[in-house]
There are 4 protein chains.
Amino acid sequence: MKALRVYGPKSIKVDEVVEPQIRDDEVLIKIKYAGICGTDLHVYRGAMKDRVKYPAVPGHEFSGVVVKVGKEVSWIGEGEEVVANPVHPCGRCVACSAGKPNICVNFKILGVDIPGVFAEYVKVKGDKVYRIPKGLSLRNAALVEPFSVAVHSCRKAGIEAGDTVVVIGQGPIGLCTTQVAKHYGAYNVVALDVVRSRLDLAKKVGADEVINPLEVDAVKEIKEMTGGVGVDKVIETSGHPQSLEQALSILKPAGRVVLVGLCFEEVKFHSYPIVYKEAEVVGSRVYVDEFPRTLNLISKGYLKPEPLITHEMPLIDGDRAFRILEDRLEDAVKILLRP
Amino acid sequence: MKALRVYGPKSIKVDEVVEPQIRDDEVLIKIKYAGICGTDLHVYRGAMKDRVKYPAVPGHEFSGVVVKVGKEVSWIGEGEEVVANPVHPCGRCVACSAGKPNICVNFKILGVDIPGVFAEYVKVKGDKVYRIPKGLSLRNAALVEPFSVAVHSCRKAGIEAGDTVVVIGQGPIGLCTTQVAKHYGAYNVVALDVVRSRLDLAKKVGADEVINPLEVDAVKEIKEMTGGVGVDKVIETSGHPQSLEQALSILKPAGRVVLVGLCFEEVKFHSYPIVYKEAEVVGSRVYVDEFPRTLNLISKGYLKPEPLITHEMPLIDGDRAFRILEDRLEDAVKILLRP
Amino acid sequence: MKALRVYGPKSIKVDEVVEPQIRDDEVLIKIKYAGICGTDLHVYRGAMKDRVKYPAVPGHEFSGVVVKVGKEVSWIGEGEEVVANPVHPCGRCVACSAGKPNICVNFKILGVDIPGVFAEYVKVKGDKVYRIPKGLSLRNAALVEPFSVAVHSCRKAGIEAGDTVVVIGQGPIGLCTTQVAKHYGAYNVVALDVVRSRLDLAKKVGADEVINPLEVDAVKEIKEMTGGVGVDKVIETSGHPQSLEQALSILKPAGRVVLVGLCFEEVKFHSYPIVYKEAEVVGSRVYVDEFPRTLNLISKGYLKPEPLITHEMPLIDGDRAFRILEDRLEDAVKILLRP
Amino acid sequence: MKALRVYGPKSIKVDEVVEPQIRDDEVLIKIKYAGICGTDLHVYRGAMKDRVKYPAVPGHEFSGVVVKVGKEVSWIGEGEEVVANPVHPCGRCVACSAGKPNICVNFKILGVDIPGVFAEYVKVKGDKVYRIPKGLSLRNAALVEPFSVAVHSCRKAGIEAGDTVVVIGQGPIGLCTTQVAKHYGAYNVVALDVVRSRLDLAKKVGADEVINPLEVDAVKEIKEMTGGVGVDKVIETSGHPQSLEQALSILKPAGRVVLVGLCFEEVKFHSYPIVYKEAEVVGSRVYVDEFPRTLNLISKGYLKPEPLITHEMPLIDGDRAFRILEDRLEDAVKILLRP
């Protein structure tokens, strides 16, 4: 089968590789749409060498059709349209034992630790597969993964109807989060980004207010917006090292900051607002059981993937797709590859 | 009446001042024991000029006897031995409305924003007064305030029987916290401090392990102690800017860090463990309704103030008491003044 | 001033009574709209004799205009349009101390324990008054109280985007709850009632499905609707003694039942599903700090009082208004009185 | 190998049966001590015919020594002393997906749904096996299962230092719960049972107060004990249908009732205290990841199995052991069988 492989920094080829063989508890899926994510860009840049074995097939967001079913898998049949949870927890560590496979200490994910979905076929464990609800297209279903990340982080945030929520960063995850936060009944969702086109998109998908911190003093603006009281929740999706200091200064007493974006630089901030406000800073990593919930929300039209899909191209154009994202061209947000 | 007053940096006099007049909803208390706390040292150093009006009477930890009762106060009588919650929330702000007076945005506390307890008498609102249970001495009851801080922070930590808990800092609050954490059923309480005498005291009041980070690599030591798994909770009472980085690196997946100690320096740390571990960093400020609970625990002997009381001296020796603490002399932990 | 007074079972007169005199921390409000609630019907029936002193002025849902302001109240002025929280907690009991004034053990409420709002004027403590946001009419603002009850119960339910929520009972509180649950992002809100017109209204204000348990087997229907999996949350507003048994049988593992409706009859049920499913049955009583949050949600149009207001009549027609509700005539839901 | 088999109501034989064959992910354990539990009595009585296939080998509490290790199991070796979690969740249902395998809707447990441990050998999945800490005897380790149930229920109760906790029922689970509640720092643990010898035992293992509801009015007694305020938590282990009504009447505002004991009779109670107090009634089923935590607590001497072990006898005397428990003879609490 054909598969897009990264050989090293910014070096991509579409190769002929061996088709995966399934075991009795696995299914084989023919991939229809596969989305490119920030993690894939990391692989593309040659980072994460401790986890990625080059040449590597990236990709973990996808939808497809089941073409082969292991004999222990009774709940899904050939020909069914599905998505699949790409995360493979170990099942035995302290996190898995406590029912938190998303923070498994031996965590493996498609497209990083094991071959990914920028290929014609992928095999996954049968219990990771979810049927796409009727009426939801394969194209839109391909975005269930980033939307599940957003649903998980909004659950971690504990958003309540009437909250004011700030979403820092309006990349794909941020734009999903803005939508989910709004759908949770937030009174006011304030979207932050430094790119105008992304703020326009944020507005389009439901943000009540958008702020470009390069243009105005975001902290001052948000404080005024809340009459000095502060916001209920901040969800950080950009990974920017200054976000935490800003988040704490705009937070209401007993407010919560959820970190979703990864930041590998040193963060500098003042911690005393955490004490004075009894603020909570909590992490959110991927998802636990959010796939079926998110599929439902998308299929009923409550969450809208379509505005986020700026490009769709064949797998063989993968190299160009990666360059568009890497160089931030063409106002790209989510690019779908078709194998 | 006599009152100890701070005139400016390290300048103390015991003066004759006017006795407080109570209103109908207040009571007048004759102070028997008053403990010196870190906040009092801040006042002594002349800091917090935006809040403190010099000359100032510091002090907010105390026990005493009711000598006058306002006519609206029916639940307490003259001659009764009491302690009192020194925190005065506004009752109207967003925090107070949500039932969190401890993070009131207009927070006032005895000895900082209003005259304190290093005096012969103090007046407080009748609903802030708690009767001392039978069998508990006025001397020991004077420590209900710092122990309530510790109980509140252990509640915030959500300590569960069997947890491994690290308490950073073994000053008065840290030593109270070590005791409370142990009383919550922790399997292992690890106490950290850079002063040997305080570690000895920590051991004496129940710490399972003590570590001096100046002598060994505390992070490495604790990781080994937990077989690489990490600890369930870290409670930070020292206010040291490096604690957060250390806390996150020794934390178990889904673990929690509670910040109690205030740090006004810039904190530098890496935030990605918060995401990877879905860790929680939360603040803990004073207490809400912990006074009666803590009084009970002390009176039954479950929490032990006595080992923390290293000095007791008359109010007129207050100047010397402050110098002992300021210069970290005589292995002082808690000094009680007797007006 | 004029006030509607209940003299005994179903005996009402509009009398001339003395206008209330405010204290320094109170304000006097000229009532514009006052809603009749189930509690008022209890007073009308002559029940609650241990709490109500007849002749009694009922009523606690209202909007109005400030006409006099005590000198300690600086945050509101004469002429301002306001609503007010009618609940008066004691401030000292174990519940109040813990920040839960809504379950105060000495709880007093306008129209039951103290004179209510079916009158020309009412006095309330200044800190219970909330300014009506611009653009929200006095008529609609009068419903902030029942909507706040619904917001509080949905917060207690912990509704998450994508949940299936069953709301038992579609009286005024139920219809508010259906709206709030939907606004919290529920995937599916199933409304139950035995009155067709109320189910129609439920549908109109957002219910995804409506069920009349007199016509179909509601338990069977709901189980099928969820593919046998069960629902995430049930909110019980009817006070019916069979609701709990039904709620537990349609609940998903780890689901939650919130009881809002009061039932004074003996409830019979099987409790083992609570153990097997680790289900949670929790109570929800009035509200804590939900008034401003709810005002915002109504003023932005997210929650809609208008469809619930079926009648508006002058205070002097109060007798007829009560009879309409008592005899369940004219498909009445919420009747507003205008003094 | 030898195995105790129940053929029908109160009909037991010790038979020669085939030794279990392990798969690659399983281990074979030679059983050293096996405790008889209430569930085993149900099997003995011939109940649960929908789940149990007679003749059946009951038993799920045990300790033993590993004698054979599947080749996929790397973390445990032959000759090691172990205990094992007897619960087998399906891994795919809505509960398992949400990280709650203890409420798996397809739940299987040793000794009920699959052959149990009243035999010479048992096979279990490798990831269910826990090494017994040094210094903990096989005899005492055999009680890790009921103590894990108690730890789980106390976690569900959210016991805090200083709480007053009532434990209804002082059978084996109740006696474990009393100990764990006390170890969580409860100020006051009140133990209820109708059998004097069990109350004596409760007192011995740490109960602060014991009450026999046949001798005194337990509700009145407990109300007085708390000065009318009520208790923080009630943990129900007896399965008695009147417990819920009693629990709610002695509960503090915002208190919590945890149901552990199963009751298959109809429960009659008044639900309005749940609303008025915003009380929480929650279920607790077996355990999730409590085994290692509980092993630690027992091995350090914080929880004490020894006083609960009233009998130890060879497997061939199993029939007598069951009769002793069934007829409540010899003040039996926990009987250990030695195969």
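Per the listing B:PRO241, B:PRO213, the residue uniquely more than 11 Å from every other protein chain (Cβ to nearest Cβ), at negative phi and touching a residue at least 12 places away in the same chain (Cβ under 8 Å) is B:PRO213. If you take the residues in region C:229-243 that are of a type in the set (Gly, Ala, Ser) and part of a loop (DSSP other than H, G, I, E, B), which one is most open to solvent (accessible area, probe 1.4 Å)? Among them, the one singled out is C:SER238.
Is region B:184-193 home to any residue that is in a loop (DSSP other than H, G, I, E, B), within 12 Å of chain D (Cβ to nearest Cβ) and under 18 Å from B:TYR287 (Cα atoms)? For region B:184-193, residues in a loop (DSSP other than H, G, I, E, B), within 12 Å of chain D (Cβ to nearest Cβ) and under 18 Å from B:TYR287 (Cα atoms): present.
Open to solvent by 30 Å² or more (accessible area, probe 1.4 Å) and either within 14 Å of chain A (Cβ to nearest Cβ) or more than 22 Å from C:GLY169 (Cβ to Cβ) (or both): does that describe C:LYS268? Steps first, please.
Details: open to solvent by 30 Å² or more (accessible area, probe 1.4 Å): yes; either within 14 Å of chain A (Cβ to nearest Cβ) or more than 22 Å from C:GLY169 (Cβ to Cβ) (or both): no.
No.
Evaluation of D:ALA150 against the conditions (1) under 21 Å from D:PRO307 (Cβ atoms); (2) open to solvent by 40 Å² or more (accessible area, probe 1.4 Å); (3) within 14 Å of chain B (Cβ to nearest Cβ) shows that the sole unmet condition is (2). Applying the selection to region B:11-49, what residues are loosely packed, with under 14 Cβ neighbours inside 10 Å and either under 22 Å from the mean Cα position of the chain (by Cα) or among the aromatic types (Phe, Trp, Tyr) (or both)? Within region B:11-49, B:MET48, B:LYS49 qualify. When the criteria are applied in full, A:LEU325 meets the requirement of being assigned to a helix (DSSP H, G or I) and not polar (S, T, N, Q). Of the residues in region B:19-28, at least one is in contact (Cβ under 8 Å) with a residue 40 or more places away in the chain, part of a strand (DSSP E or B) and more than 28 Å from C:VAL73 (Cβ to Cβ).
Filtering region B:52-80 to residues that are within 27 Å of B:ASP40 (Cα to Cα) and in contact with a helix residue (DSSP H, G or I) (Cβ under 7 Å, 6 or more places away or on another chain) leaves B:VAL52, B:ALA56, B:PRO58, B:GLY59, B:HIS60, B:GLU61, B:SER63. Residues in region B:284-327 that are touching a residue at least 60 places away in the same chain (Cβ under 8 Å) and farther than 25 Å from B:LEU199 by Cβ: 15 in all. Can you tell me which residue is surrounded by the most Cβ atoms within 10 Å (Cβ to Cβ) among those in region D:274-289 that are facing chain C (nearest Cβ under 7 Å) and among the acidic types (Asp, Glu)? Residue satisfying both the conditions and the ranking: D:GLU278. Specify the residue that is nearest to B:LYS204 (Cα to Cα); the eligible residues are those in region B:266-304 that are in a loop (DSSP other than H, G, I, E, B), basic (Lys, Arg) and more than 15 Å from the chain's Cα centre (by Cα). Residue satisfying both the conditions and the ranking: B:LYS300.
The set of residues from region B:60-111 being under 28 Å from C:VAL129 (Cβ atoms), assigned to a loop (DSSP other than H, G, I, E, B), aliphatic (A, V, I, L, M) and more than 24 Å from the chain's Cα centre (by Cα) comprises just one member, B:VAL73. Note on region A:73-107: among residues that are at pLDDT 95 or above and among the charged types (D, E, K, R), the one that is least open to solvent (accessible area, probe 1.4 Å) is A:GLU80. Residues of region C:244-263 that are more than 18 Å from the chain's Cα centre (by Cα) and either surrounded by fewer than 21 Cβ atoms within 10 Å (Cβ to Cβ) or facing chain D (nearest Cβ under 8 Å) (or both): C:LEU244, C:GLU245, C:SER249, C:LYS252, C:PRO253, C:ALA254.
Sort out which residues of region D:1-10 are assigned to a strand (DSSP E or B) and either more than 23 Å from the chain's Cα centre (by Cα) or crowded, with 23+ Cβ neighbours inside 10 Å (or both), and write them in order of number. Walk me through it before giving the result.
If we filter region D:1-10 for residues that are assigned to a strand (DSSP E or B), which is where we start, we get D:2-8.
Within region D:1-10, D:LYS2, D:ALA3, D:LEU4, D:VAL6, D:TYR7, D:GLY8 meet the criteria.
Checking region A:62-74 against the condition returns a match, with at least one residue being closer than 30 Å to A:ARG139 by Cβ, basic (Lys, Arg) and touching a strand residue (DSSP E or B) at 6+ places or on another chain (Cβ under 8 Å). When region C:290-328 is filtered for residues that are of a type outside the set (S, T, N, Q), out of contact with any Phe, Trp or Tyr (no Cβ under 7 Å at 6 or more places or on another chain) and within 14 Å of another protein chain (Cβ to nearest Cβ), the ones remaining, listed by number, are C:GLU290, C:ARG293, C:GLY301, C:TYR302, C:LYS304. Condition (residue is of a type in the set (Val, Ile, Thr), at pLDDT 95 or above, more than 19 Å from the chain's Cα centre (by Cα) and open to solvent by 10 Å² or more (accessible area, probe 1.4 Å)) applied to region D:200-211: is it met by at least one residue? Taking every residue of region D:200-211 in turn, at least one turns out to be of a type in the set (Val, Ile, Thr), at pLDDT 95 or above, more than 19 Å from the chain's Cα centre (by Cα) and open to solvent by 10 Å² or more (accessible area, probe 1.4 Å).
All told, A:LYS268 falls short of being within 21 Å of B:CYS96 (Cα to Cα), out of contact with any Ser or Thr (no Cβ under 6 Å at 6 or more places or on another chain) and assigned by TED's automatic domain parsing to the domain that holds A:ILE159.
Name every residue in region A:306-321 that is more than 22 Å from A:PHE147 (Cβ to Cβ) and not in a strand (DSSP E or B), in order of residue number. If you could, list the steps in order and put the result at the bottom.
So the first thing to find is which residues in region A:306-321 are more than 22 Å from A:PHE147 (Cβ to Cβ), and the list is A:314-320.
Within region A:306-321, A:LEU315, A:ILE316, A:ASP317, A:GLY318, A:ASP319, A:ARG320 qualify.
So, in region C:125-139, exactly how many residues are more than 14 Å from chain B (Cβ to nearest Cβ) and surrounded by fewer than 22 Cβ atoms within 10 Å (Cβ to Cβ)? Break it down into steps so the answer makes sense when it comes.
Applying the first criterion (more than 14 Å from chain B (Cβ to nearest Cβ)) to region C:125-139 yields C:132-139.
Keeping just the survivors that are surrounded by fewer than 22 Cβ atoms within 10 Å (Cβ to Cβ) gives C:133-139.
So the count comes out to 7.
Of the residues making up region C:153-176, one or more are part of a helix (DSSP H, G or I), more than 13 Å from every other protein chain (Cβ to nearest Cβ), open to solvent by less than 10 Å² (accessible area, probe 1.4 Å) and not polar (S, T, N, Q).
One residue stands out among those in region C:219-228 that are aliphatic (A, V, I, L, M) and within 20 Å of C:LYS182 (Cα to Cα): the one that is least open to solvent (accessible area, probe 1.4 Å), which is C:ILE222.
The values are calculated or read from the model by the stated rules, or taken from the named source; none is laboratory data. These numbers were taken from a predicted model, which means no experiment stands behind them. All Cβ positions, glycine included, derive from the backbone under ideal geometry; neighbour counts span all protein chains shown. Just the protein is used for accessible areas: all its heavy atoms, side chains included, with ligands, DNA and RNA removed. Shrake-Rupley method; radii C 1.70, N 1.55, O 1.52, S 1.80 Å.
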